[in-house]
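What follows is one structure encoded as structure tokens, with my remarks underneath.
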Amino acid sequence: MKPPHHVRAPLITLLLCTATLLLSGCQTTLFAAINTTDQRHDIQQQRNIEFDPPHHLALNIYRPEHTEHAPIVVFIYGGSWTHGERQWYRFVGTALAAHGVIAVIPDYRKYPQVKMDGFMQDAAEALAWTHQHASELGGSSDDIFVMGHSAGGQIAALLATDPQWLAPYGMQPRDLAGFIGLAGCYDFAPIASNEKDMLGMFGRTLAEQQRAQAVTFVHGAEPPMLLLHGTADKEVAPSNSISLTHTMQAQHEDVTLKLYPGIGHIALLFALLRPMHEHAPTLEDILAFIHSHPSSITQTAKAHAG
């Protein structure tokens, strides 16, 4: 049921001010305001769980109040690979947990502290930590999805396509139940000469930059994918999601592309908040994808039952 109009209107107004706040550098204030609009008392929260002590990296967990074999989503947030904090994305965790999904939101090191190899290793370690502790969280290691928005979508997509990142943990992309990309960067080479940060973190040659492209690594052993993108996205072109879709289809892999008319880069993510769902059914499409791709254990059980 939708919130009353007098509740929805102020929240929608807040979200429409997002671009102005972001441009003025007030991300912390913005996300704090958003998170205060979605207070829930039926969700268990565990914060500041250290998964990488040497680098002081931690994660937050959001769980349904009654958890038993729930699917798990590891969410990698965006921020141009240079900024962001896991606390900002509490609204993502609560949105998923409110619908029976365990959400894990880790931090990772940013550029210029590290280049691509550094933040990829951090994300892989967070995913491996989740895989190792899945049963303790109330889920299953066979029912873990990786999801990312924007730069986080690029990181998550590489975890789901390039086997080198999970290999040190005895895992491979196909071990994931699925990949969910929200306006991710999957096919953005060559990088323009004026993009100094991107050249610094991904390299100046085309060969170096192709290591960052999920489309480079699709070879027929990837998990199912759901790719969401707004057609009005001015930050990350929808062609990224379209290209990855075509690459997956060329390998006859399971991929679903959803393009939302008139939706921009940030609005796609903020549509996880209930007042925005009439503009882009981000949450509904994510939940439908998760529940249509049950864990391998469940699939095996069903096969034997049949």
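Any residue that is among the hydroxyl-bearing types (Ser, Thr, Tyr), at pLDDT 95 or above, in contact with a helix residue (DSSP H, G or I) (Cβ under 6 Å, 6 or more places away or on another chain) and within 20 Å of ASP187 (Cβ to Cβ) - is there at least one of those in region 240-257?
Checking region 240-257: at least one residue is among the hydroxyl-bearing types (Ser, Thr, Tyr), at pLDDT 95 or above, in contact with a helix residue (DSSP H, G or I) (Cβ under 6 Å, 6 or more places away or on another chain) and within 20 Å of ASP187 (Cβ to Cβ).
With respect to ALA151, is the statement that it is in contact with a Cys (Cβ under 9 Å, 6 or more places away or on another chain), in contact (Cβ under 8 Å) with a residue 12 or more places away in the chain and either surrounded by fewer than 23 Cβ atoms within 10 Å (Cβ to Cβ) or not acidic (Asp, Glu) (or both) true?
Yes, satisfied.
Picking from ALA267, ALA280, ALA301, which residue would you name as being out of contact with any Pro (no Cβ under 7 Å at 6 or more places or on another chain), assigned to a loop (DSSP other than H, G, I, E, B) and either farther than 10 Å from GLY230 by Cβ or modelled with pLDDT under 95 (or both)?
Result of the check over ALA267, ALA280, ALA301: ALA280.
Assess whether LEU244 counts as being in contact (Cβ under 8 Å) with a residue 12 or more places away in the chain, assigned to a strand (DSSP E or B) and in contact with a Leu (Cβ under 8 Å, 6 or more places away or on another chain).
no
Any chance region 6-20 includes a residue that's modelled with pLDDT of 65 or more and surrounded by 16 or more Cβ atoms within 10 Å (Cβ to Cβ)?
Looking through region 6-20, none of the residues is modelled with pLDDT of 65 or more and surrounded by 16 or more Cβ atoms within 10 Å (Cβ to Cβ).
Could you pull out the residue among ALA160, ALA183, ALA151, ALA214 that is in contact with a Gly (Cβ under 6 Å, 6 or more places away or on another chain), modelled with pLDDT of 95 or more and under 19 Å from LEU257 (Cα atoms)?
Among ALA160, ALA183, ALA151, ALA214, only ALA151 is in contact with a Gly (Cβ under 6 Å, 6 or more places away or on another chain), modelled with pLDDT of 95 or more and under 19 Å from LEU257 (Cα atoms).
Check LEU287, LEU283, LEU226, LEU244 and return the single one that is over 30 Å from ALA192 (Cβ atoms) and surrounded by 18 or more Cβ atoms within 10 Å (Cβ to Cβ).
Answer to the check: LEU283.
Being in a helix (DSSP H, G or I), under 24 Å from SER239 (Cβ atoms) and either touching a residue at least 40 places away in the same chain (Cβ under 8 Å) or hydroxyl-bearing (Ser, Thr, Tyr) (or both) is the filter here, so list the residues in region 160-197 that pass it.
The answer is PRO173, ASP197.
Looking at GLU222 and the list (1) assigned to a loop (DSSP other than H, G, I, E, B); (2) modelled with pLDDT under 95; (3) within 19 Å of the chain's Cα centre (by Cα), which single condition is not satisfied?
(2)
Please give the number of the condition VAL215 fails out of (1) surrounded by 24 or more Cβ atoms within 10 Å (Cβ to Cβ); (2) in contact with a helix residue (DSSP H, G or I) (Cβ under 8 Å, 6 or more places away or on another chain); (3) of a type in the set (A, V, I, L, M, F, W, C).
Here VAL215 clears every test but (1).
Select from region 65-122 the residues that are within 23 Å of LYS234 (Cα to Cα) and buried (at least 21 other Cβ atoms within 10 Å of the Cβ) and list them in ascending order.
Within region 65-122, PHE75, ILE76, TYR77, GLY78, TRP81, GLY84, TYR89, VAL92 meet the criteria.
In region 128-148, what residues are crowded, with 20+ Cβ neighbours inside 10 Å, touching a Phe, Trp or Tyr at 6+ places or on another chain (Cβ under 6 Å) and either free of Cβ contacts under 8 Å to residues at least 60 places away in the same chain or not in a helix (DSSP H, G or I) (or both)?
Matches in region 128-148: VAL146, MET147.
How many residues does region 58-113 hold that are part of a loop (DSSP other than H, G, I, E, B) and under 21 Å from HIS291 (Cβ atoms)?
11
So is GLU125 of a type in the set (D, E, K, R) and free of Cβ contacts under 8 Å to residues at least 60 places away in the same chain or not?
No.
The values are calculated or read from the model by the stated rules, or taken from the named source; none is laboratory data. As the structure is a prediction and not an experimental result, all values here were calculated from the model. Cβ coordinates were reconstructed from backbone atoms using ideal geometry, including for glycine residues, and neighbour counts include every protein chain displayed.
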